[in-house]
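J.: After the structure tokens below, expect a handful of questions from me.
The values are calculated or read from the model by the stated rules, or taken from the named source; none is laboratory data. Computed from a predicted model, the values in this text were never measured in an experiment. All Cβ positions, even for glycine, are placed from backbone atoms using ideal geometry, and neighbour counts span all protein chains on display.
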Amino acid sequence: MTAATGSATRIVTLDVIRGVAVMGIFSVNVIAFAHIFPSYMNPSAMGLEGEADLATWFANFIFIDGKMRSLFSMLFGASMLLVIDRAVAAGMSGASVHYRRMIVLAIIGLLHFYFIWFGDILFLYAMIGMIAYAFRRKTARSLLIWSAGLFILSAAMMGASSAYFRSTQAEAVAADATRQDVMEWSKASVWGQQSDEKTAKDIAIHRGSAVERAGHMLTERALEPLGSLLFVGPETLALMLLGMAGYKSGYLTGEWVDRRYRNIAVLTLSIGAIASAVIAYATWCSGFDLPTIFFNLVVAQLPFRIMMALGYAALIILIFRNASPIRDRFAAVGRAAFTNYLGTSIVAALIFYGDGLGLYARLSRFEAWLVVPLVWLLMLAWSKPWLDRFNYGPFEWLWRSLSRGKLQPMRRMRPEPLPA
């Protein structure tokens, strides 16, 4: 058994990378559960109370933020292509299988957004995945070219937004600023700061009941899933296409020689980490100035996010090249990544929101992050024993059953004993 293929139906390398990525994503998502939304991008908005909190922000910014999401998006593109290829090989319509899956995923994503957590990525993945289908027959080289073009488009869009934030802020603080100038900056900066009144309302909603939160999401934030398509859609499509290229070239399936993976990991992770550290330091030195935060996070960090995501993939492949019990654990997390992603939302909601422990806006950044290793252990603990007994994770089973229009066999079939 190689690292690339664990059975006729699984590519273990993809599972392991996906498992690490979904675990890494929670390291930054936990802040969006624990604090007001501006704190996710602007640590000074809430929870920055001491050196441990600042160190937590620095570590996540340098090593995790954007990198694991990029890796997860790449794996989505690779897995999407794998599902389509296998559907066609089985004599089914690749388009029918794919679009049914994406429609169901979009519905689950919207339910996740409105009733559990505003940070959903499933709806975004489903809608962008529908577009990515058009690229399925392109060569790895063509996919890389398209991906590069979309990254440039995304950088241009974010650069223009950054320039708008900077000019709007300058007009609002100018000596001759009008009331309209101040209001324009207040509207533009909601992603990074908010009034005490808005914060008090936000805390009341999240410490309240699930019914109250759902009512808030369905009324005041109903259109946000569509906004995310415009804001991060081009970058997400670029990452999916990059993942499709990684699948077709054999890069993400572990088919390259170790020396190439080693060189890529050393080069990309060292350059990316150093550059990210410089960007993080510059952001801190600015006093967490909002236009600086936005530019550094979504524009300056873009090439290094991609670089480090590719480097992490190479490093994970090298570390888990050979079969081992720990590799099996991470692979199981990746096989049940859908359940683990939604499961982290459910667990975090129970910890931070009013229906559970009600710790929302009560912990510092570091204190909130301490939930992360506990959730990681939970993922590693449950995934393999469950998949030893069942064919799918619970939400994978639901997704597959709804997509196919019939209940899928859940319990694994035990092999018949050999005759004596």
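J.: List every residue pair whose Cβ atoms sit under 8 Å apart, with the two residues 6 or more apart in sequence or on different chains, where the first one lies in the stretch 84-101 and is under 19 Å from residue 138 (Cβ atoms) and the second, anywhere, is among the acidic types (Asp, Glu) and surrounded by 13 or more Cβ atoms within 10 Å (Cβ to Cβ).
T.: That search, which allows pairs on different chains as well, returns 94/85.
J.: Looking for something touching a residue at least 24 places away in the same chain (Cβ under 8 Å), assigned to a loop (DSSP other than H, G, I, E, B) and over 29 Å from residue 131 (Cβ atoms) - is there at least one such residue anywhere in the stretch 176-187? Break it down stepwise before answering.
T.: Kept after step one, since they are touching a residue at least 24 places away in the same chain (Cβ under 8 Å), are these residues of the stretch 176-187: none.
The answer is no, given that none of the residues of the stretch 176-187 is touching a residue at least 24 places away in the same chain (Cβ under 8 Å), assigned to a loop (DSSP other than H, G, I, E, B) and over 29 Å from residue 131 (Cβ atoms).
Every residue, every condition in (1) under 16 Å from residue 10 (Cα atoms); (2) at pLDDT below 95; (3) crowded, with 17+ Cβ neighbours inside 10 Å; (4) touching a helix residue (DSSP H, G or I) at 6+ places or on another chain (Cβ under 7 Å), yes or no:
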| site | (1), (2), (3), (4) |
| --- | --- |
| 364 | no, no, yes, yes |
| 390 | yes, no, no, no |
| 394 | no, no, no, yes |
| 401 | no, no, no, no |
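J.: Return yes when residue 44 is at pLDDT 95 or above, of a type outside the set (A, V, I, L, M, F, W, C) and surrounded by fewer than 22 Cβ atoms within 10 Å (Cβ to Cβ) and no when it is not.
T.: So residue 44 passes the test.
J.: For the stretch 206-215, which residues satisfy the criterion of being of a type outside the set (Asp, Glu), surrounded by fewer than 18 Cβ atoms within 10 Å (Cβ to Cβ) and either assigned to a helix (DSSP H, G or I) or in contact with a Pro (Cβ under 8 Å, 6 or more places away or on another chain) (or both)? Please lay out each step first, then the result.
T.: At the first step, the residues of the stretch 206-215 found to be of a type outside the set (Asp, Glu) are 206-211, 213-215.
Retained after the next criterion (residues that are surrounded by fewer than 18 Cβ atoms within 10 Å (Cβ to Cβ)): 208-211, 214-215.
Once the filter is applied, which keeps residues that are of a type outside the set (Asp, Glu), surrounded by fewer than 18 Cβ atoms within 10 Å (Cβ to Cβ) and either assigned to a helix (DSSP H, G or I) or in contact with a Pro (Cβ under 8 Å, 6 or more places away or on another chain) (or both), the stretch 206-215 yields 210, 211, 214, 215.
J.: Let me ask something else. Out of the residues in the stretch 248-265 that are closer than 12 Å to residue 310 by Cβ and among the aliphatic types (A, V, I, L, M), state the one that is surrounded by the most Cβ atoms within 10 Å (Cβ to Cβ).
T.: The selected residue is 252.
J.: Of all the residues that make up the stretch 298-331, how many are part of a helix (DSSP H, G or I) and over 27 Å from residue 385 (Cα atoms)?
T.: From the stretch 298-331, those part of a helix (DSSP H, G or I) are 298-300, 302-319, 325-331; that's our starting set.
Narrowing the set further to residues that are over 27 Å from residue 385 (Cα atoms) leaves 298-300, 302-311, 314.
Of the residues in that region, 14 qualify.
J.: Condition first: assigned to a helix (DSSP H, G or I) and within 18 Å of residue 76 (Cα to Cα). Can you find one or more residues in the stretch 149-156 that meet it?
T.: Residues of the stretch 149-156 assigned to a helix (DSSP H, G or I): 149-156.
Add one more test, that the residue is within 18 Å of residue 76 (Cα to Cα), and what stays is 150-151.
Yes; the residues of the stretch 149-156 include at least one that is assigned to a helix (DSSP H, G or I) and within 18 Å of residue 76 (Cα to Cα).
J.: Just checking, does the stretch 347-355 include any residue being β-branched (Val, Ile, Thr), part of a helix (DSSP H, G or I) and closer than 30 Å to residue 144 by Cα? Break it down stepwise before answering.
T.: Within the stretch 347-355, the first condition is being β-branched (Val, Ile, Thr), and the residues that meet it are 347, 351.
From what's left, part of a helix (DSSP H, G or I): 347, 351.
Those still in the list that are closer than 30 Å to residue 144 by Cα too: none.
No, the stretch 347-355 contains no residue that is β-branched (Val, Ile, Thr), part of a helix (DSSP H, G or I) and closer than 30 Å to residue 144 by Cα.
J.: Which of the residues that make up the stretch 317-338 are surrounded by 23 or more Cβ atoms within 10 Å (Cβ to Cβ) and under 12 Å from residue 19 (Cβ atoms)? Show your work before the answer.
T.: Taking the stretch 317-338 as the starting set, the residues that turn out to be surrounded by 23 or more Cβ atoms within 10 Å (Cβ to Cβ) are 317, 320, 330-337.
320, 330, 331, 332, 333, 334, 335, 336, 337, listed by residue number.
J.: Please verify whether the stretch 216-235 includes one or more residues that are of a type in the set (S, T, N, Q) and outside any helix (DSSP H, G or I).
T.: From the stretch 216-235, those of a type in the set (S, T, N, Q) are 219, 228; that's our starting set.
Still in the running and outside any helix (DSSP H, G or I): none.
So far as the stretch 216-235 goes, no, none of its residues is of a type in the set (S, T, N, Q) and outside any helix (DSSP H, G or I).
J.: Restricting the search to the stretch 165-197, which residues are surrounded by 14 or more Cβ atoms within 10 Å (Cβ to Cβ) and farther than 18 Å from residue 290 by Cα?
T.: 177
J.: Of the conditions (1) within 20 Å of residue 14 (Cα to Cα); (2) of a type outside the set (Lys, Arg); (3) part of a loop (DSSP other than H, G, I, E, B), residue 339 clears all except one; give me its number.
T.: Unmet for residue 339, out of (1) within 20 Å of residue 14 (Cα to Cα); (2) of a type outside the set (Lys, Arg); (3) part of a loop (DSSP other than H, G, I, E, B): (3).
J.: With respect to residue 338, determine if the residue is farther than 18 Å from residue 253 by Cα, under 15 Å from the mean Cα position of the chain (by Cα) and either modelled with pLDDT of 95 or more or not charged (D, E, K, R) (or both).
T.: Numbers: farther than 18 Å from residue 253 by Cα: yes; under 15 Å from the mean Cα position of the chain (by Cα): yes; either modelled with pLDDT of 95 or more or not charged (D, E, K, R) (or both): yes.
For residue 338, the condition - farther than 18 Å from residue 253 by Cα, under 15 Å from the mean Cα position of the chain (by Cα) and either modelled with pLDDT of 95 or more or not charged (D, E, K, R) (or both) - is met.
J.: Right, next: Suppose we filter 253, 268, 283 for residues that are closer than 25 Å to residue 168 by Cα, modelled with pLDDT of 95 or more and either over 19 Å from the mean Cα position of the chain (by Cα) or not acidic (Asp, Glu) (or both); which single one remains? Step through it out loud before you land on a result.
T.: On the way: 253 fails: closer than 25 Å to residue 168 by Cα; 268 fails: closer than 25 Å to residue 168 by Cα.
The unique qualifying residue is 283.
J.: Next question. Sort out which residues of the stretch 124-138 are closer than 18 Å to residue 72 by Cα and in a loop (DSSP other than H, G, I, E, B), and write them in order of number. Walk me through it before giving the result.
T.: Step one: list which residues in the stretch 124-138 are closer than 18 Å to residue 72 by Cα, which gives 124-133.
Residues satisfying the conditions do not exist here.
A quick yes/no check of all residues on (1) farther than 17 Å from residue 32 by Cβ; (2) at pLDDT 95 or above; (3) among the β-branched types (Val, Ile, Thr):
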position: 302; (1), (2), (3): yes, yes, no
position: 360; (1), (2), (3): no, yes, no
position: 369; (1), (2), (3): no, yes, no
position: 372; (1), (2), (3): no, yes, yes
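J.: Next up: Report yes if residue 215 is in contact with a Ser or Thr (Cβ under 9 Å, 6 or more places away or on another chain) and modelled with pLDDT of 95 or more, otherwise no.
T.: In short, no.
J.: Here is a check on your reading of the model: is residue 160 surrounded by fewer than 21 Cβ atoms within 10 Å (Cβ to Cβ) and either part of a helix (DSSP H, G or I) or touching a Ser or Thr at 6+ places or on another chain (Cβ under 6 Å) (or both)?
T.: On the way: surrounded by fewer than 21 Cβ atoms within 10 Å (Cβ to Cβ): yes; either part of a helix (DSSP H, G or I) or touching a Ser or Thr at 6+ places or on another chain (Cβ under 6 Å) (or both): yes.
Yes, satisfied.
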